[in-house]
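The values are calculated or read from the model by the stated rules, or taken from the named source; none is laboratory data. Because the structure is predicted, anything quoted here is derived from the model rather than measured. Positions of Cβ are backbone-derived with ideal geometry, glycine not excepted, and every protein chain shown enters the neighbour counts. Note: accessible area is taken over every heavy atom of the protein model, side chains too, but ligands, DNA and RNA are not part of it. Shrake-Rupley method; radii C 1.70, N 1.55, O 1.52, S 1.80 Å.
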Amino acid sequence: MSCVYFRSSWKYEDRSLRYALLDGGHHLGAIAAAAYAFEHPLELVFDFDKAQLNQAMGFANQEWALSAAISGCTIPRPRREFRLPMPFVCGTDYFIPNPFIEQGYQATLAPVSSRQPLRSPTWHYDRSKFLDAIYQRRSARCFRKVAISLAEYQAILSALTQPIATCSQEAIAIYAVVHRVTGLAPGIYRGEERLQDGEFSAKAAYLCVNQRIAGDGAVTFFLAAHPQNYQTAMQMAGVLGQRLYLASTYYGVACTGIGAYYDEETQTFLGTEKDILYALAIGQ
Ligand SMILES: Cc1cc2nc3c(=O)[nH]c(=O)nc-3n(C[C@H](O)[C@H](O)[C@H](O)COP(=O)(O)O)c2cc1C
């Protein structure tokens, strides 16, 4: 069994807790993709005694455990304390404390998400082509307002909606604002259900703090949830984000994450009281 603990360290005052947790989720998504490519089992773990681990690892207030990825079979063993304290080694040669991030991390350690049976995603990628997608994955910097095909959209959506391999349950709704998909009416969708017809590309760009990239693509996704545990839900949104990047790349479609959006106006636009966890845009 190998087990990787994800630590996050936040070095910049202007970097929000949202970005840090989404980035952590993207890392987990990258591990999930590698596990799939090399046919290794994987379980993501979000609910464990992070405070105890932080202390045992000597992280001080500079780094914190967020999640774990387990590959292989697990053999339960009694926990043993380290014989010697672990010295803390700073990952960089400077550290700028950020009370907002520190308080945010502590405040979102609990409660524990509800439990569910472990279900692994089922993808039907050609593994060698999928490896190429992992190597080629980049964030789109602009789109040409060109449509993608319905087949591409459906394949990407189907890859996105597979379960996350974890026993922690957070119900993440996937809203898609369709702008340019050949053969699909523009409008707001939740999964495959059409909620509202309309051409909302300018509105999507506005909601994402006037970023053209959010309206020039084929589809703008918003991930939303009533999180039981914010840390877990945000990392899961990051996992889905990485998954969307890779599925899009695999099918020849570009993708970018969008962490900047107006939360409340997006909720109103989508007609939901769920928290908006993450936005992403795909297109050509
Ligand atoms: C969580 C997250 C949020 C992001 N938010 C934005 C955004 O609001 N606007 C934008 O243009 N790009 C955004 N990006 C894309 C980043 O700018 C991009 O990932 C970064 O420049 C690294 O490039 P790469 O993904 O090609 O390695 C975001 C990426 C992530 C992972």
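For the stretch 144-270, the gyration tensor built on C-alpha atoms gives an oblate shape. Its axis ratio a/c (a ≥ b ≥ c) is at least 1.5, and a/b is not larger than b/c. Averaged per residue, the chain has 50 square angstrom of accessible surface, using a 1.4 angstrom probe with ligands and nucleic acids left out.
Annotation: amide H-H contacts under 5 Å for Arg190 (H modelled 1.01 Å from N, sequence separation of 5 or more, or interchain): Ala176, Leu195.
The stretch 243-279 and the stretch 159-234 have Cα centres separated by 5 Å. Charge dipole of the chain (Cα centre as origin; +1 on each Lys and Arg Cβ, -1 on each Asp and Glu Cβ, all else neutral): 580 debye, rounded to the nearest 20. Of the peptides 243-253, 99-109, the ranking by mean beta-carbon count within 10 Å, highest at the top, reads 243-253, 99-109. The slack in the chain from Ser114 to Thr182, taken as 0.36 nm per residue of separation less the alpha-carbon distance, amounts to 20.5 nm. Treating r as the C-beta distance of Gln106 and His40 and R0 as 45 Å, the FRET efficiency rounds to 0.85. Under a model in which nothing but the beta-carbon of Lys, Arg (+1) and Asp, Glu (-1) is charged, the stretch 140-283 shows a dipole of about 480 debye around its Cα centre. All distinct Cα pairs of the chain go into the 1/r average, and the inverse of that average, the Kirkwood radius, is 19.8 Å. Accessible surface for Ser114 stands near 40 Å², nearest 10, in the context of the full protein assembly shown (1.4 Å probe). A 1.4 Å probe, protein heavy atoms only, puts the accessible area of Glu152 near 50 Å². On the beta carbon distance between Gln55 and Arg77, with R0 = 22 Å, the FRET formula returns roughly 0.65. Based on Cα contacts under 8 Å between residues 6+ apart, the chain shows a relative contact order of 24 percent.
Positive contributions from Lys and Arg (+1) and negative ones from Asp and Glu (-1), summed over other residues with Cβ under 9 Å from the Cβ of Tyr245, come out at +3.
Heavy-atom surface analysis with a 1.4 Å probe gives the stretch 143-284 a carbon and sulfur content of 47 percent of its accessible area.
Label sites at Val209 and Glu265, each approximated as a point 7 angstrom past Cα along Cα to Cβ, lie 1.3 nm apart. Span-like helix check, the chain: qualifying full DSSP H segments, with Cα axial length of 24 Å or more and mean Kyte-Doolittle of -1.0 or more, are 17-37, 230-250. Its DSSP H runs of at least 4 residues, each contributing -39,500 (n - 2.57), put the calculated 222 nm mean residue ellipticity of the chain at -10500 deg cm²/dmol, to the nearest 500. Placing R0 at 25 angstrom, the Cβ-Cβ distance between Ser128 and Gln169 gives a FRET efficiency of 0.15 after rounding to 0.05. Relative contact order, whole percent, for the stretch 140-283 stands at 29, derived from Cα pairs under 8 Å and 6 or more residues apart. By DSSP, what percent of the beta bridges with both residues in the chain are antiparallel, rounded to the nearest 5? Rounded to the nearest five, the antiparallel share is 95 percent.
Relative to the Cα centre, the charge distribution of the stretch 103-151, modelled as +1 at Lys and Arg Cβ and -1 at Asp and Glu Cβ, gives a dipole magnitude of about 200 debye.
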